[in-house]
Amino acid sequence: MDYIIRNAKIEDCETLAILKLKIWKQVYVDIYPKWKFDNYDIESNKEKFISIINNSNIKLLVVEIDGKIMGYMSYGEPYRKFLDYRQEIGLLYLDQDYPKMGIGKKLFNIAYQDIMSKYDEFFISCNKYNMNARKFYEKMGGKIIHIDEDNEEDKSLVQVKYLYTK
């Protein structure tokens with residue numbers, strides 16, 4: 001299956017908001033509290049994607065297969081600040097309906113090369129309980145620099161921070 005990676009456009013944002021919920025349900029169903037899914041607002045998430053596109057310090061890429069968006073990644077200036085770090089991969093989500101095709105690695109490497117051409121380091125935040133993502137980020141060379149305290153009421157808030165350096 002062939003895919004293309006391109007810059008996201010404003011007209012992609014509703015599709016991205018819908019895809020985000022789909023991926024959340026695939027990945028976080030046993031992690032996030034039920035109310036996170038029940039209260040998910042497509043319109044407000046569409047606006048978040050628009051704000052990312054409109055921020056010249058963040059890049060938002062989408063992955064298309066047969067003209068359908070199946071994943072996305074943002075990187076650049078941290079969307080949520082963490083210490084003094086100036087760069088991050090903020091979002092990296094892929095629809096689990098597609099077989100492993102190396103797309104996550106390809107996206108990661110695009111961001112890595114772009115960020116490291118201008119900076120010496122960046123970080124990634126990952127849900128502590130998303131073990132597949134954690135294994136991926138560790139395989140890509142990330143070193144754990146911070147783990148949030150557990151929050152039994154809302155495990156979606158518990159993050160692990162990975163650092164990447166040259």
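The values are calculated or read from the model by the stated rules, or taken from the named source; none is laboratory data. Every value quoted in this text rests on a predicted model; they were computed, and no experiment measured them. Ideal geometry is used to build each Cβ from the backbone, glycine not excepted, and the neighbour counts take in all protein chains shown. Please note that ligands, DNA and RNA were not included when accessible areas were found on the heavy atoms of the full protein model with its side chains. Shrake-Rupley method; radii C 1.70, N 1.55, O 1.52, S 1.80 Å.
Overview of values
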quantity	calculated
Heavy-atom accessible area ranking, 1.4 Å probe, most first, across Arg6, Arg80	Arg80, Arg6
Heavy-atom surface of the chain, accessible at 1.4 Å and reported per residue (Å²)	57 Å²
Segment Glu152-Ser56, length gained on full extension (0.36 nm per residue, minus Cα span)	30.9 nm
Fraction of the pair-distance distribution of the stretch 115-166 above 16 Å, Cα-Cα pairs, percent	42 percent
Alpha carbon centroid spacing (whole Å) that separates the stretch 1-21 from the stretch 93-166	20 Å
Rg over Rh, two decimals, the stretch 84-151 (C-alpha only, Kirkwood Rh)	0.97
In Å², nearest 10: area of Ile144 left accessible to a 1.4 Å probe	80 Å²
Nearest-20 debye value, the chain charge dipole, Cβ charges on Lys, Arg, Asp, Glu	520 debye
Restraint check, Lys22/Lys155; Lys36/Lys106; Lys46/Lys161; Lys9/Lys106; Lys9/Lys118, Cα-Cα greater than 28 Å	Lys36/Lys106
Shape category assigned to the stretch 1-68 from the gyration tensor of Cα positions, a/c cut at 1.5	oblate
Accessible surface of the chain [probe 1.4 Å, protein heavy atoms]: carbon and sulfur percent	48 percent
10 Å-binned pair-distance histogram of the chain (Cα, whole percent)	10, 38, 41, 11, 0
Global form of the stretch 32-98, assessed from the alpha-carbon gyration tensor, a/c cut-off 1.5	oblate
For the stretch 37-43, Karplus couplings with θ = phi - 60° (6.51, -1.76, 1.60), whole Hz, Gly/Pro x	6, 4, 9, 4, 10, 4, 5
